[in-house]
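Chemist: Structure provided below as structure tokens; questions to follow.
The values are calculated or read from the model by the stated rules, or taken from the named source; none is laboratory data. As the structure is a computational prediction, the values presented were derived from the model and not from experiment. Heads up, the Cβs are rebuilt from the backbone with ideal geometry, glycines too, and the neighbour counts pull from every protein chain shown. When the accessible area is computed, the model is the full protein with side chains, heavy atoms only, and any ligands, DNA or RNA have been set aside. Shrake-Rupley method; radii C 1.70, N 1.55, O 1.52, S 1.80 Å.
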Amino acid sequence: MSVKNSRREFFGIAAATVASAGLFARRAIGRSAADVPALLGGTPVHKGSWPKWPEWRRTWEPSILEVLRSGQWYRGSGEQVPQFEVAYAKLLGAKRCLATASGTTALIVGMHVLDVDAGDEVIVSPFTFIASYNAILINKALPVLADTDPATLTMDPASIESRITERTRAVMPVHIYGMPCDMDPIMAVARKHRLAVIEDACQAWLADYKGSKCGTIGDLGCFSFQNSKHLPSGEGGAITGNSDELLDRASSFHDCGRPYGNFKGARPNFTRGGNFRMQHFQAAMLLQQFDKLLQDTARRCENADRLTASLREIPGIQPARLPENSRAVWHLYPFRYDADKFQGLPRDKFIRAMRAEGIPCSIGYQEQYFDGLLDEAINSRGYKRLFSAQRLKEYRDSFQELKGNREASATTVAMTQNLLLAEPADIDHIVEAIRKIQVHGAELAKA
Ligand SMILES: Cc1ncc(COP(=O)(O)O)c(C=O)c1O
């Protein structure tokens with residue numbers, strides 16, 4: 001995840017924290033240590049640890065050993081991957097599921113079978129993990145960036161239509177941090193222009209929009225089971241959908257182009273495809289975790305509701321707005337931070353002060369379209385062949401128009417999902433720490 005700190009940043013902050021604590025310990029004199037920000041020498045609000053992630057259970061071991069001892073480790077033989085596909089489709093209420101090697105490969109395969117081809121355009125949310133952009137680039141299409149609604153941190157449906165060109169083939173909403181996008185207006189604009197919809201639900205297992213699970217609303221949905229995810233197997237992914245034709249094509253493409261179901265491809269031989277298969281070891285791990293996922297999700301939601309109710313009372317802290325009648329599953333829990341309401345304390349210093357109070361948090365996704373990846377793509381020989389110079393210039397210029405995303409990137413603070421698995425009293429520590437920092441904003445700004 002891009003929100004993790006690099007080692008250098010971590011040690012930089014740690015060193016600065018120690019230095020500040022020493023420098024400002026004097027200020028604690030005469031005040032109760034609990035009232036003084038930990039960064040200024042006071043006592044941290046949260047002294048314990050937070051739940052570790054991932055977690056595993058001894059009861060899972062026999063099923064993994066069974067795969068080992070069977071010698072049937074490859075998807076072409078063995079049972080666990082097909083079993084997982086049936087169970088995961090049922091869990092989400094989708095007709096079909098295809099397990100893949102990762103969330104990225106799920107997106108790559110999904111776009112291929114939705115006929116995203118070289119020189120096409122796909123409208124995607126910019127506020128996402130870079131894999132959403134990369135999956136489009138690997139299909140040699142152009143990731144056209146919709147704007148972000150800073151209040152929801154998801155794709156602003158009103159920003160889609162103006163970005164549609166004759167090359168646009170698909171829209172990729174991203175249910176970022178497990179928060180559902182507002183799918184009704186997204187589906188409406190896509191249907192109006194006959195565009196496919198591929199949901200990036202890689203952070204949104206069991207998130208719900210108006211009674212449907214995220215990943216089952218568009219033409220296809222894609223999930224990740226990488227280590228940090230709520231349903232982890234080290235690596236892994238899935239595509240969900242209700243169209244047998246698309247899922248047959250996806251099964252074929254993900255398995256070197258072997259004919260599958262009603263999709264015969266270049267019968268009787270291979271058609272285009274790659275190896276994007278899941279292993280039975282991964283599926284065996286995933287199959288063990290369904291009950292845990294349901295229980296953890298309920299706990300995260302309860303704790304997130306508790307947190308949101310308290311944070312709403314704090315001036316300058318704005319929890320994310322969700323679409324009506326939807327449920328987020330909180331892969332990260334974000335809020336927007338207004339430094340003006342914290343006596344001018346900049347966001348980076350706020351985060352440092354929170355960490356000193358024992359509350360790990362970080363800035364969310366940044367304006368990564370200025371980081372060079374997209375420049376590298378559009379300056380490549382292939383993209384110059386596929387798109388006119390004028391289109392590529394307009395495309396590059398359009399990054400400047402992403403005002404909503406700029407605001408979202410500049411103001412978000414996010415906490416990882418494991419915090420929401422803690423006890424309610426620990427959740428209250430988050431609120432306490434923010435309130436404490438707010439009182440001392442001016443002092444902390446100088447630290
Ligand atoms: C929003 C989003 N899309 C795609 C991916 C890619 O998934 P994977 O890491 O399993 O390839 C991730 C993974 O973090 C993600 O968060």
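Chemist: What pairs can you find where one residue is in segment 95-119 and within 30 Å of residue 389 (Cβ to Cβ), the other is charged (D, E, K, R) and within 8 Å of the ligand (Cβ to nearest atom), and their Cβ atoms are less than 7 Å apart, with a gap of 6+ or different chains?
Modeler: These pairs meet every condition: 107/200.
Yes/no matrix, rows are residues, columns are (1) over 26 Å from residue 105 (Cα atoms); (2) in contact (Cβ under 8 Å) with a residue 24 or more places away in the chain; (3) not polar (S, T, N, Q):
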residue	(1), (2), (3)
247	no, yes, yes
259	no, no, yes
263	no, no, yes
270	no, no, yes
287	no, yes, yes
313	yes, no, yes
317	yes, yes, yes
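Chemist: Quickly run through segment 160-187 and pick out the residues that are touching a helix residue (DSSP H, G or I) at 6+ places or on another chain (Cβ under 7 Å) and within 12 Å of the ligand (Cβ to nearest atom). Even if it seems obvious, please write down each step before you answer.
Modeler: The initial filter retains those residues of segment 160-187 that are touching a helix residue (DSSP H, G or I) at 6+ places or on another chain (Cβ under 7 Å), namely 160-161, 170-174, 182, 185-186.
The answer is 172, 173, 174.
Chemist: Something else: Within segment 105-121, which residues are within 13 Å of residue 253 (Cβ to Cβ) and touching a Lys or Arg at 6+ places or on another chain (Cβ under 6 Å)?
Modeler: Within segment 105-121, 113, 116 meet the criteria.
Chemist: Oh, and also: Looking at 305, 340, 371, which is the one that is within 24 Å of residue 143 (Cα to Cα) and of a type in the set (D, E, K, R)? If you could, list the steps in order and put the result at the bottom.
Modeler: Working: 305 fails: within 24 Å of residue 143 (Cα to Cα); 340 fails: within 24 Å of residue 143 (Cα to Cα).
Every option except 371 fails the conditions.
Chemist: Still on this model: Condition first: within 21 Å of residue 208 (Cα to Cα), within 16 Å of the ligand (Cβ to nearest atom), crowded, with 21+ Cβ neighbours inside 10 Å and touching a residue at least 40 places away in the same chain (Cβ under 8 Å). Can you find one or more residues in segment 130-143 that meet it? Working first, answer last.
Modeler: Filtering segment 130-143 down to residues within 21 Å of residue 208 (Cα to Cα) leaves 132.
With the extra rule that they be within 16 Å of the ligand (Cβ to nearest atom), the set shrinks to 132.
From what is left, the residues that are crowded, with 21+ Cβ neighbours inside 10 Å are 132.
With touching a residue at least 40 places away in the same chain (Cβ under 8 Å) added as a condition, the list becomes 132.
Checking segment 130-143: at least one residue is within 21 Å of residue 208 (Cα to Cα), within 16 Å of the ligand (Cβ to nearest atom), crowded, with 21+ Cβ neighbours inside 10 Å and touching a residue at least 40 places away in the same chain (Cβ under 8 Å).
Chemist: Return only the number of the condition from (1) open to solvent by 10 Å² or more (accessible area, probe 1.4 Å); (2) within 16 Å of the ligand (Cβ to nearest atom); (3) hydrophobic (A, V, I, L, M, F, W, C); (4) over 27 Å from residue 401 (Cα atoms) that residue 60 does not satisfy.
Modeler: (2)
Chemist: In addition: With respect to residue 235, is the statement that it is of a type in the set (D, E, K, R), open to solvent by 50 Å² or more (accessible area, probe 1.4 Å), within 16 Å of the ligand (Cβ to nearest atom) and over 30 Å from residue 432 (Cβ atoms) true? Explain how you work it out, then say what you get.
Modeler: Numbers: of a type in the set (D, E, K, R): yes; open to solvent by 50 Å² or more (accessible area, probe 1.4 Å): yes; within 16 Å of the ligand (Cβ to nearest atom): yes; over 30 Å from residue 432 (Cβ atoms): yes.
So residue 235 fits the description; yes.
Chemist: For residue 78, are the conditions met, namely being modelled with pLDDT under 95 and surrounded by 13 or more Cβ atoms within 10 Å (Cβ to Cβ)? Give the steps one after another, and end with the answer.
Modeler: On the way: modelled with pLDDT under 95: yes; surrounded by 13 or more Cβ atoms within 10 Å (Cβ to Cβ): yes.
Spelling it out, residue 78 is indeed modelled with pLDDT under 95 and surrounded by 13 or more Cβ atoms within 10 Å (Cβ to Cβ).
Chemist: May I ask you to list the residues in segment 202-231 that are more than 8 Å from the ligand (Cβ to nearest atom), small (Gly, Ala, Ser) and at negative phi?
Modeler: 204, 207, 212, 218, 221
Chemist: Quick one: how many residues across segment 51-68 are in contact with a Phe, Trp or Tyr (Cβ under 6 Å, 6 or more places away or on another chain) and not aliphatic (A, V, I, L, M)? Even if it seems obvious, please write down each step before you answer.
Modeler: Quick first cut of segment 51-68, residues in contact with a Phe, Trp or Tyr (Cβ under 6 Å, 6 or more places away or on another chain) only: 67.
Filter again for not aliphatic (A, V, I, L, M), leaving none.
Looking only at that region, the number is 0.
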